[in-house]
Each structure stands twice: as C-alpha cells, then as structure tokens.
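The values are calculated or read from the model by the stated rules, or taken from the named source; none is laboratory data. If you're wondering where the values come from, they're calculated on a predicted model, not measured in any experiment. Every residue, glycine as well, gets a Cβ built from its backbone with ideal geometry; the counts of neighbours run over all protein chains shown.
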Amino acid sequence: MDRFVAFCIRHRFLVIFGVLLVGALGVRAAQQLPIDAVPDVTNVQVQVLTNAPSLGPVEVEHYVTVPVETVMSGLPRVEEVRSLSRFGLSAVTVVFEEGTNIYFARQMVSERLTEAREAIPEGYGSPEMGPISTGLGEIYQFEVRGDPMCPEGGPDTESCYTLMELRTILDWYVAFQLRPIPGVVEVNSFGGELKTYEVQVDPARLNALGLALGDVFEALQANNANAGGGYIVRGGEQRVIRGEGLITSLDDVGNVRVTTRRDGTAIYIKDIAEVAFAPMIRQGAVTRDGRGEVVTASVMMLMGANSGEVSNAVRERLDELALGLPPGVTIETYYDRSVLVDRTIRTVATNLIEGGILVIVVLLLMLGNLRGGLLVAAVIPISLLVTFISMRYFGVSGNLMSLGALDFGLIIDGAIVVVENVSRRLSESGAKGDEVKGEVRRATSQVIRPVLFGTAIIMIVYIPILTLQGIEGKMFTPMAIAVLSALAAALVLAVTFVPAGASWLFRRGLSEKEPFLARVARRLYDPALRFALRFRAWVIAGAIAAMALGGIVASTMGAEFIPTLDEGAIAMQAVRPPSVSIEESVQATGRIERALTAAFPDEIETIISRTGRAEIATDPMGVEISDIYIMLDPISEWTRVTSKTELVAAIEEELELRVPGQNYSFSQPIELRTNELISGVRSDIAVNLYGPDFEELERTSARVMEVINSIEGAADVNVDQVAGLPALRIIVDRQAAARYGINAAEVLDAVSSIGGRQVGVVFEGQRRFALQVRLKESARENPDAIERMLISAPGGQRIPLGQVARVMLDEGPAVVSRESAQRRVTIQVNVRGRDIASFVSEAQERLREEGNLPPGYFVTWGGQFENLQAATSRLALAVPAALLLIFLLLYTTFGSLRPALIIYLNIPMAAVGGVLALWIRGMPFSISAAVGFIALSGIAVLNGVVMVTYIRDLQREGLSLMDATEKGARLRLRAVLMTALTDGIGFLPMAISSTAGAEVQRPLATVVIGGLVTATVLTLLVLPAVYSFLGGDVLDEDDATDHDDLERRATNTPPA
C-alpha cells in the first residue's frame, strides 16, 4: 500500500482528474435515478381476476376459483396461492418467491390460464391476469366533474351532465389518452354509470305475441353484424365489397325484426320492449365531500417505473386534455403521488444537507485547519455521486431508505483519520516543499491499515442487511447498497484523493495550532484519563454494570416491525352488514362525508369514498365495504387537534355519534393497499382461522374476536363477514318443466335477463358499448313479480315461472376466502398504544386458554407480526455471523487475541447507549432500530482500532504498557472525538426531524447517536483502562518482520 500511496501523491493531478471524471458520471446517474417516497415492498405476485356476473360466492368458489387455484398450485417458484370469491367475482393471487422475474411469473400463469378456462363451465367467466402493478401502483387519482349536474331522478337535458355522460367522457376521451404514457399500465375508471344500449323487455307483451326471451336474444345477435364480400374489378379499378348490418343507434335497435307473422306483419323489438340508454349493473360507486356520486379514475403505474416522472407526465397530459373537454367539464386531481415523493425527498435532502453542514462545521472546529477540513469535506459530494452510479447499476431508486440512511460523518471517518495524522505530522516536522510529499506518504501509510480494516468492519456489519428478504429486505436492502457504495467510495478516496490533495494543499507546510475545542476537550480528558488508569477496577466494574443495565432495559422493551410512514392522508374503512345494497352504502358514505367535513373544516381538505369494486377489480371489495380517503390540510393549519393520532381518535368519536351502526378501521392509502396485496389483509395483525365448515368458522371466529377485543391495545377489530348475504334462489323443477316441455335453458334465460344479458356490442365510431336485454323494472322489482313472469312452452302455453321453478329467499356466504386450498376467516386488528410483539404474545396466550378451537380448525398469525418474526429469525443468524467476521478481522489486524477482544468490548458498550436512547425516547425495538444497531457496531469498532493500533505502535517504540496507553490515548483524543462527533451529528437531523418520512429514520438515528455516546466514553476511558491491564507485551505476540516494518514507519525511516 505504501507504493500505491506514493504513486497517488506523485501523480496527484491524474488522481484529481479521475475523481472529477467519476463525479461527472455521478451527476449523469443522479439525473437518471428513479425517485420515490419509499421502496416498493410488494411481493412478486400475479392476480387472476374472473368476472362471473351470474354467480354467488359459493358458486364462484366451486366453478371458478377452485379450478384456477388447482392449475396454479403446481407452478415453479410459487410461494402461496390465496383467493377471494365474492358475488360475481373471483380473485386468485399467486405469490412467487422473491427474485422471480415478474414477466416470467406472468408467462407461467398465462400458460396455465388456458387449462383453467377449459375447466370452467361455459358462460361462467374467463379468467384474466390483472395489471402489472404493485402496492405503490395507484400514483394519480382524479375526478371528472360536470357543472351543472342533472338533478338525481330528473330529466337528462343538453344543459346538464349525467353520471353516464361523465363516465363516457372519462373512458373514451381522458383514459384513452392517458394509457399510452410511458410507465402507465392501466387507467382504472371507478364510479358513475357505464353506458349500455338496453332492451327493456315487457314480459306481458312478449307473451301476448307468443314470443320467448330466446327469440329476442337470437334476433339481436342475428341483426348486428358486418360482412365482407371480397372485391370486384370494374374499369380497371378494384372495389371492395362491404355488407353493413351493424346497429349504430337506439332506433336501429328498436327496428330489429324479431319474427314475422303469417299475415306478413313484422314484430319488432320496439313492439315488445323499450329501448334506452341505461347503466350496466354495477358493484361499486364513488362519492365525494357529501355531494353525491362522482366519476373518478386511478392511474396505475407499471411495476418498476419512476413514480415522479409518471405522475408529472400524467399531470401534463391532463392539462392538455382539459382544453378539449366539453363546456362545464373539468378534471380535479385529489391524489398525486409526486406530492408525497416531494415531501419525503425534501425530508431526506434537508437531513443530508443539514447533517453535512454540521459535520463540516464540527470538523473545522476540531481540526482547526481550513484546508484540511475542506479536503475532508470534498469526500462527501464525490462519495454521494459514486453512490448514485452504484444505485443506478443495481436498479435502486432514490427514496427515504436508500438515501435517508446516509451519514456523511460515517462516510468521512477514514478521511478524517488520514487528514488528522497528516496535519499533526506536518506540524511536528515543519516539512515544506518536496519534503511534504514524503511526510504525507508516511503519515498516510501509518494509519492506512486501521483505516482499511476499520472501514471494512463497518462495511461487513451491513452484510446482514443484504440477507433480509420479503418486506424488510425490500425496505432495507436499498439502504445497505447505498451505504456500502458510499463507504467503498470514501475508502478509496481516503487512500488516493486525500493524500494526493493533501500533498498539494499543504505544499508550503503547515503550522498547526491546537483549536479551542480540542484544547477544552484535552483539558477535560487528561484528569479523566488519569482517574481511569488509576482506578481501573472501578472503571471496568462500572462498564460491566452499564452493560447489565442495558440488558435489563432491553428485556422490557416492546417490538414492532417498521415505524409507519406518515403519508399525510387517512384511509378509513367503513364496514356494514353484507345484506346492504349499493344504494344504501352510497347514502351512508354521504352521511360520513358530511359529518366529517362539518366537524373538521380546518383539518380535512377533501374526502373520497370508494364503495365496492371497480370494473378492473384489483381491489375485490363487496358493496358493504367502503374505502374512505381523507386528504388532510397542512398540520400547521389545524385548529381542533394537534396530531394525526388525535385526529383519528376524534374522527372515530364523531362517527360513533353521528353515523352509528358501522365498523370503522383506520390506515393510510399506500399502507392499506400494500398490506392487502402482501398478506391479503388491511391491518397490523391478521388472525387467520382455517376450517372446512362455514357455520363453524363463523361461530369460532366470533369467540376469537371476543378474546382479541378484550386485550389492551386492540383497535379496529374486524372479522370477515362470512355469512349474511341474502339471495333469491330460483331452482328449476325439472319434473314440472318436463311436463310443459320447457328446458332448463329457457328458465335460466329468464333469470339472466333480470340483471341484464349481453347480446352484442354497439359501435359509436371508436367507442363501443354493450347491447343487453333486461326485463323492465316492474317485472323484476320483487319475488312475486318474478314468480308471475310467463315462459312460453312449445305448445303455445304461457307458464308462470313459479310453476316450473322454486323461488325462495335464502341467506348464504358473503365471501369465501381461501389459502393453501383451505377455507379461511380472518380477524383483523390494529394495535394502538403498545407494541405489536407484546400484543401478539398476550393474544396467543389468551387464545390457548380461552379459544376452544374445534378439531380440524387451527389459527395462524399474519400481517406485520408475521413480517417481524421473519425478519427477526433471519437477523438472528446473520448478525452473529457478521459479529464473528468482525472479530476475525480484528484478530487478523493485530495478529493477537487480546487486542481483538479488548476492542470487541466496544460493541456491547455501544449497544447499551442505543438501548437507553430508545428507552428514553419511548421507542420500541423495530427492524429500523435493528439496522441502527448493526451500523453502530461497525462505527464503535473503528475508533477502537485506531486507538489500539497507535498504542501498540508506541509499545514497539519501547514505551511501557502504561506509558504507551496514556500517551496513545491522549494523542488519539482528537481523532476519536472527530469521528464520533461527525458520525453522531450527521445522524442528528434524522433523529429530531418531524417531517414526512422521519418516522422510519428516527429509530435508526436514535440508536446510532445514543450508542456513539457510550462507545466514545468506552474508547476514551474504559478501553485504555482495560488495555493497560490486559494489553500485554507487543513483542511477545508479533513476528520480528512485522515489528521491524512498523518500527521503521513509526520512526519515519524510509525503506531501504
């Protein structure tokens, strides 16, 4: 390494040019770096969605879900298959192992879908894959608003807009133009009324003319087509032959011939039905701010795209589209991901800038040398630019975790040690001119070994983070990549750029005067050091007592997975009985919106309620569930409450008073969606109950819910509403139907026409709308009317439906959840006021005592608790392995067991400070805090390596163990304080920040700062006391060659 350092000093301008070139590449990488608020933690999954409009939940399970599950279960690298069967919808989620390419996964699923389609009976739906998106996919949401709106139930005139007209504008103008934007995978329309051409059949007129519904279906299908006839040649020209019979208007539909009587009179559709524009039967609606139903859309981003760029592109395109909207129609954005991204990145940038400035100020004050301070400070931006290159190469986005955990103080530790030693030796030797190069080389060579090994140790402790998988892996691996890249860059700069720059900056020599802060520190440290060396036993006993205290405090601390990022919005769920209609749900959300906007005018900006599911049902909810998004004003404008926690409690209290009879739970938009996609639940903890029988599942889940609800900290406790969906069952009486010569198909035709049966498509230019047949409203308004509906028999008789089928009211399951081919009911619970780990521990104990699970039924625990368990078990293996590697490196550095063990004491002593800091601030242990402990262990070891290395160098010069310890500790005081202060102060803005994203960074920074306090005390006082007691004689441990080489370097003797 000595020759390498000499080469860098000799060719210093070449080194500086190389650094500038790398910096230019870093600037380019920074411009291309994807930016997001947080890492995308969604697992690799493919959703298979099947619309089966005519089927109830149990029929969907039998005929659709089970066939799809069966063919997906044998796919390679599949980790989990879970499903949800609701009225008219099957949603199967296939989760693949981490690292599986999403396009490979979709290819595998696509190949199996062919087999699944063959297993599903005809007419029961065709399974399709959902869009390639994730929990962070919904990046932009907006409303298409018309002014004025036609009054509800009033006539549709040209002077007002209906929900159907606005939905048509959205689907065929706005969404049509947004889909081609790079990074947009889907525009999911939600709310309003989907326009159809509807033939509203009058059963009485149909039967009076001796016709059946089958005749209507056949007539419409036979009269809505185009055909090609090739071409003819005339006069040397080729003329294409086109036969045109497509329906293009309501009049065309009404003029379709159904049959012709013997007297030649044609019977048209208009003779037996009303033809009108009518909405498709729906399972979802959107309301906003208490003013009724609205038309909205959610722009879904392609997995891996840059959310900032895509959001900006969508916003710009919408501004362009606004110019072409009809008069009175506007587009109002109510959710823009780039706002959260900007807030979070602003937090990261502010913390980095403030931390960097504080580090440089402390550096200059402790070093007392402007040129040296600026040289060390130059390492910060260059290391950051190299980090951008690495992140770009590894596909890591710039976000709260990847950039937010960078500590500039940590990054420049190696450079500090080099510059401090160079400054001290130049000042002592008085070297000038060409002598400076040699002195800089020797000073760098003297500390290069502890710098290399110390930085390598810090890098090693980040390796366990790379072993994390699942959510915690996706969350913290980007951080590890960024920190490792920055440390590697800083290490290279410390042994190349720093000595090269120092040889030029200090070419006229250096007369260093000890700065004020260093003098004060030395004045305080000298008597403390003498005390520690004199009363070694007491100091060592005090250190042991402190570690015992830390262990006791740690055993009383709770645990959580990851602190929640404040998204600046609330996602509230309102759950009603499964029997509720969509119309009643819409009324209920309106009442909620009006109550909240009136009670919290200064806190709430807008409220959007999404009830049920959209046409692309990536979120398969029933109409009894509403996701209510509460967008908040800046907290500085709030008057009724002062924090988000208080606001949630006040909202819950207000709703219990104003809108009772519903269950409410609270989360945040991204958190809600991500939790559901990852584990199929929307809460902190999921208690999954498995068993075969619905009734028993319902009874047992009620008991489990009662136990959970009684535990302190339980909030928003909800259980899947398995039963309670009322159904009108029309069961064909085959014997009765056979007596009249009626087939089951004719009965089922009548049943399908109650909700609307699609028989074709009508084109309006590029736009296309469903053509459907439906019984008129008076014929389907109640069971009696349905029973009286007449069906034509082959002999010309008119038979009431009630004579060939049993019409009965029944109650069945509202939803069928399955996982691993078993039925499942989930009890969901959020935890407030205590940590998740202790809550689950108590809940598990209570369930063992009071649960009384029947034979064949069992419980598993999911949600964030499952993630915490997985992360803890992986860290339990990875962290000890890293600590062992640290010890091996220490042993390799010194070639001796004693100094390695003495320095190793820094790790538990540093952990004591981290534990006490968390306890003082009232923070539970989390994976974020665990990462802080991992980083802390490396930082704590670095200072110990620097000090012990120098003490042993002095021993080799002939000083006694006690004298070498005392002199080495004094001479290394400034270096130890500078590295500790810059490391701690670099994390200080993160520890005290309260802006967006600070929640995740705060535990990590708190652990590092608290640990550095105790680690620095140990390095400066306890380590000298222990070393003077146990350090031993260096000459007895090292070989002569190593001794001669180190002695030569310590006495500045040039090599032979």
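The set of residues from the stretch 184-210 being more than 27 Å from residue 611 (Cα to Cα) and either assigned to a loop (DSSP other than H, G, I, E, B) or hydrophobic (A, V, I, L, M, F, W, C) (or both) comprises 199, 201, 202, 204, 206, 208, 209, 210. Among residues of the stretch 117-158 being crowded, with 20+ Cβ neighbours inside 10 Å and of a type in the set (Asp, Glu), the one that is nearest to residue 317 (Cα to Cα) is 143. Residues that are in contact with a Lys or Arg (Cβ under 8 Å, 6 or more places away or on another chain), farther than 19 Å from residue 54 by Cβ and at pLDDT 85 or above: does the stretch 730-742 have at least one? Checked against the condition, which is being in contact with a Lys or Arg (Cβ under 8 Å, 6 or more places away or on another chain), farther than 19 Å from residue 54 by Cβ and at pLDDT 85 or above, the stretch 730-742 yields at least one hit.
A single entry from 438, 414 fulfils the requirement of being over 29 Å from residue 32 (Cβ atoms) and either in the same structural domain as residue 503 (by TED's automatic domain parsing) or β-branched (Val, Ile, Thr) (or both): 438.
Of all residue pairs spaced 6 or more apart or on separate chains, those with beta-carbon atoms under 6 Å, a first member in the stretch 53-78 that is modelled with pLDDT under 90 and a second member that is β-branched (Val, Ile, Thr) and surrounded by 17 or more Cβ atoms within 10 Å (Cβ to Cβ) are 57/815; 57/816; 73/81.
Kindly check whether there is at least one residue in the stretch 949-959 that is among the acidic types (Asp, Glu), touching a residue at least 40 places away in the same chain (Cβ under 8 Å) and not in a helix (DSSP H, G or I). Among the residues of the stretch 949-959, at least one is among the acidic types (Asp, Glu), touching a residue at least 40 places away in the same chain (Cβ under 8 Å) and not in a helix (DSSP H, G or I), which makes the answer yes.
When the stretch 588-607 is examined, which residues are found to be in a helix (DSSP H, G or I), touching a residue at least 12 places away in the same chain (Cβ under 8 Å), hydrophobic (A, V, I, L, M, F, W, C) and farther than 15 Å from residue 664 by Cα? Hit for the stretch 588-607 is 599, nothing else. Of the residues 874, 846, 834, only one is in contact with a Leu (Cβ under 7 Å, 6 or more places away or on another chain) and outside the structural domain of residue 462 (by TED's automatic domain parsing); which? When all the criteria are applied, what remains is 874. The single condition from (1) among the β-branched types (Val, Ile, Thr); (2) surrounded by 17 or more Cβ atoms within 10 Å (Cβ to Cβ); (3) more than 29 Å from residue 278 (Cβ to Cβ) that residue 114 fails is (2).
Considering 477, 455, 496, the condition of being among the polar types (S, T, N, Q) and farther than 30 Å from residue 876 by Cβ is satisfied by 496 alone.
Pick from 528, 480, 500: which is within 30 Å of residue 96 (Cβ to Cβ), modelled with pLDDT of 85 or more and not acidic (Asp, Glu)? I'd like the intermediate steps shown before the answer.
Working: 528 fails: within 30 Å of residue 96 (Cβ to Cβ); 500 fails: within 30 Å of residue 96 (Cβ to Cβ).
Residue meeting the stated conditions: 480.
When the stretch 188-213 is filtered for residues that are more than 30 Å from residue 284 (Cα to Cα) and either surrounded by fewer than 22 Cβ atoms within 10 Å (Cβ to Cβ) or not assigned by TED's automatic domain parsing to the domain that holds residue 271 (or both), the ones remaining, listed by number, are 204, 205, 207, 208, 209, 210, 211, 212. Among the residues of the stretch 140-151, is any modelled with pLDDT under 95, in the same structural domain as residue 61 (by TED's automatic domain parsing) and of a type in the set (Lys, Arg)? Within the stretch 140-151, not a single residue is modelled with pLDDT under 95, in the same structural domain as residue 61 (by TED's automatic domain parsing) and of a type in the set (Lys, Arg). Within the stretch 713-743, if we keep just the residues that are surrounded by 20 or more Cβ atoms within 10 Å (Cβ to Cβ) and touching a Ser or Thr at 6+ places or on another chain (Cβ under 7 Å), the residue that is farthest from residue 649 (Cα to Cα) turns out to be 725.
Evaluating residue 137 against the criteria (1) within 21 Å of residue 772 (Cβ to Cβ); (2) in contact (Cβ under 8 Å) with a residue 40 or more places away in the chain leaves one unmet condition, (1). Checking 1013, 1008, 1017, 1000 one by one, the residue that is at pLDDT 75 or above and crowded, with 23+ Cβ neighbours inside 10 Å is 1008 and no other. With respect to residue 480, determine if the residue is out of contact with any Phe, Trp or Tyr (no Cβ under 7 Å at 6 or more places or on another chain), part of a helix (DSSP H, G or I), small (Gly, Ala, Ser) and within 25 Å of residue 945 (Cβ to Cβ). No; evaluated as a whole, the condition is false for this residue. Among residues of the stretch 554-565 being modelled with pLDDT under 75 and surrounded by fewer than 23 Cβ atoms within 10 Å (Cβ to Cβ), the one that is farthest from residue 833 (Cα to Cα) is 565.
Restricting the stretch 796-814 to residues that are closer than 17 Å to residue 727 by Cα and touching a Leu at 6+ places or on another chain (Cβ under 9 Å), which is surrounded by the fewest Cβ atoms within 10 Å (Cβ to Cβ)?
Looking at the filtered set, the residue picked out is 809.
Can you find, within the stretch 756-792, the residue that is nearest to residue 805 (Cα to Cα) among those that are in contact with a Lys or Arg (Cβ under 7 Å, 6 or more places away or on another chain) and outside any strand (DSSP E or B)? My answer is 786. In the set (1) in contact with a helix residue (DSSP H, G or I) (Cβ under 9 Å, 6 or more places away or on another chain); (2) closer than 30 Å to residue 460 by Cβ, the condition left unmet by residue 826 is number (2).
Restricting to the stretch 943-982, and then to whatever is touching an Asp or Glu at 6+ places or on another chain (Cβ under 6 Å) and closer than 18 Å to residue 490 by Cβ, can you tell me which residue is surrounded by the most Cβ atoms within 10 Å (Cβ to Cβ)? Checked the stretch 943-982; the qualifying residue surrounded by the most Cβ atoms within 10 Å (Cβ to Cβ) is 979.
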